[in-house]
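The values are calculated or read from the model by the stated rules, or taken from the named source; none is laboratory data. Owing to the predicted nature of the structure, the values given are computational and were not obtained by experimental measurement. Cβ placement follows ideal geometry from the backbone for every residue including glycine, while neighbour counts extend to all protein chains displayed. In case anyone asks, the SASA skips ligands and DNA or RNA and just uses the protein heavy atoms, side chains included. Shrake-Rupley method; radii C 1.70, N 1.55, O 1.52, S 1.80 Å.
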Amino acid sequence: MSRPIIEIEGLRKSFGDLEVLSGIDLTIDAGEVVCVIGPSGSGKSTLLRCINLLEQPTGGRITVADTQVFGDGKPQNLDRLRREVGMVFQQFNLFPHLNAVENVSLAQVRVLGRSKGEADRKSRELLGRVGLDEKVDEYPDRLSGGQQQRVAIARALAMDPEVMLFDEVTSALDPELVQGVLDVMRELADSGMTMISVTHEMGFAREVSDRTIFMDEGVIVEQGDPAEVLGNPKNERTQRFLGLVLPG
Amino acid sequence: MDAFFQTYFDFQIIDENFGYVLEGFWWTIRLSLLGGALSLLWGLILAVLRQLPGRALAPVRWLTVAYIDALRGIPLLLVIFLIYGGLGALASEGVIPRDLGIPRWFGLPSPFWYGIIAITLTYGAYMAEVYRAGIEAVPSGQTEAARSLGMSHGQSMRFIVVPQAVRKVIPPLLNDFIALMKDTSLVSVIGLVETVQAGRDVYSETFNASALTLGAFLFLVVTIPLARFVDWQIKKQNLKFQRGAP
């Protein structure tokens, strides 16, 4: 019962003369959990940022939930896209002048038009879900990196997205805080959320993802079952990369 | 030494003219508070106009930049003369309504309002630059997060960027306010007897500078605490910064 939720065709992105994405074709099914791995500079974060149009692609086509959001060189239906797709950033990007509940509630009220009471109820429920019942009134500078990142996840979930994008969300965390964030992501994956996660956590990719994608130099080099891609890579570039990052 | 004290600290002259100078200082205060408030508002509007997105709004951005450059490059004294000389003439020609040309709003005299307009036009431009620095100091991740949540440019500016920017620029804005307060004395050239003019009036009658000393002292009563307050604010921000908060 798979239904495509994101369809990407021939996606290209250049920064000046530098081509970062050189023609990406990718279809993500509803409920699928996809991890994107690859060396730095491979274009994996840019791919993610192009999917919700934080970067404007140079060419190609993106369709989200049967609505074309980029084509003919320009964004379309941007409101629809931002409603369907939530994003979590490496640097959390919480709003420092708002406390945890306000961070999660603001866009619910201003974008979705929910009442303040309704939004706050939802925010508290989500903050509870990510294990922060006790921290709802704290400001970001009083929270650890891991806690901030979990607030950021709750903030994105509050918009009821169809798809969640995770851009190296554990890379800025102290090692002991990584697990808490991964646990939340794992729970989210188990609940059936469609997720695309750019990550350096090979263990997470192996255990949680339905599909692992290896990118290098702006193209998808290899993709498939995580056990295959990570355990028995076919491509020589994938082998070299995994040889460098996996112990033993 | 006696002559020095006689010239600057003649308490009898200070005593006799205290009310007159204080009345002038009351104009200074009103010019500063109203001019300061309007400049803060006008400066913020200019800064936001300058940040409007998209190609279609480029002319608005250029006009805003041109305005800011022009008003920062002209002496306030000259702007005061331009407003004073221009508005009255335009009103008598019938180009603009008389109420605008010779404003006497809220029963206050027109030199006061000419001064308020000139101060707002000039200091709005200065403050726009301060706000701009604050807006540009808000990390781009903040706008990206706002956009990824579906907020428009306007919503992101209003709820995310401007509240953070304003907090960052309170100290430099207060510094501009201190400068503004001192510059209100320029309005005396079009006939408003504010602190400095009051002191000069006394001087030309008595050939003694003590009323001017009194004026200086009245300024310091406000500006020194303000300067200390600015320092305290900066210190508070630095502490917050050291703690690792954005």
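Quick look at the numbers
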read-out	value
Antiparallel %, DSSP beta bridges [both residues in the range A:106-243], to 5	50
Partners for residue A:234 among lysines (Cα-Cα distance below 26 Å; same-chain residues under 8 apart left out)	A:44
Interchain or long-range residues, amide H under 5 Å from residue A:235's placed H	none
Virtual spin-label span in nm between residue A:125 and residue B:235, 7 Å along Cα→Cβ	4.8
For the pair B and A, total buried accessible area rounded to nearest 100 Å², probe 1.4 Å	1900
The range A:94-248, relative contact order [Cα under 8 Å, separation at least 6], %	17
Where trypsin sites (Lys or Arg not before Pro) fall in DSSP loop in the range B:6-67, at most 16 other Cβ within 10 Å	B:55
Between helix A:145-157 and chain A: long-axis angle, C-alpha atoms, 0 to 90°, nearest 10	90
Degrees, to the nearest 10: A:100-110 long Cα axis against longest axis of chain A	80
Helix A:236-245 axis, angle to chain A major axis (alpha carbon atoms, nearest 10°)	40
Within straight-line cross-link reach of residue A:135, lysines at Cα separation under 21 Å, skipping those fewer than 8 residues along the same chain	A:116, A:122, B:240
Dipole axis of the range B:154-246 (+1 Lys, Arg; -1 Asp, Glu on Cβ), positive-most option in B:177, B:229, B:164	B:164
Rounded accessible area per residue of the range B:37-195, 1.4 Å, Å²	45
Set of lysines with alpha-carbon distance to residue B:236 below 23 Å, sequence-local pairs under 8 removed	B:168
DSSP-defined beta bridges in the protein assembly as shown - what % are antiparallel, rounded to 5	60
Chain B: DSSP helices with Cα axial extent of at least 15 Å and average Kyte-Doolittle hydropathy no lower than 0.5	B:11-50, B:58-72, B:76-93, B:110-137, B:210-242
Mean separation of Cα contacts under 8 Å, 6 or more apart, over the residue count of the range B:48-192: relative contact order %	26
Chain B: most fluctuating residue of B:110, B:39, B:92 per GNM, C-alpha cutoff 10 Å	B:92
Ranking by accessible area, most exposed first, for B:217, B:4, A:95, A:241 with a 1.4 Å probe	B:217, B:4, A:241, A:95
For the range A:98-248, accessible area per residue (1.4 Å probe, heavy atoms of protein chains only), Å²	44
Solvent accessible area, Å² - residue B:20, 1.4 Å probe, full protein context	90
Which of A:152, B:130, A:107, positive extreme of dipole for the protein assembly as shown (C-beta unit charges)	B:130
Residues along the range A:69-102 losing 20 Å² or more of accessible surface when the other protein chains are present rather than the chain by itself (probe 1.4 Å)	A:82, A:89, A:93, A:95, A:96, A:97
Amide H contacts of residue A:114 (H built 1.01 Å from N, under 5 Å, at least 5 apart or other chain)	A:109
5 angstrom amide H check on residue A:20, placed H, neighbours 5+ away	A:13, A:14, A:15
Overall form of chain A per C-alpha gyration tensor (a/c, 1.5; a/b vs b/c)	oblate
Cα-Cα P(r), the protein assembly as shown, percent of pairs per 20 Å interval	19, 39, 25, 14, 3, 0
Helical contribution to [θ] at 222 nm, DSSP H n ≥ 4, -39,500 (n - 2.57), averaged over chain A, rounded to 500	-11000 deg cm²/dmol
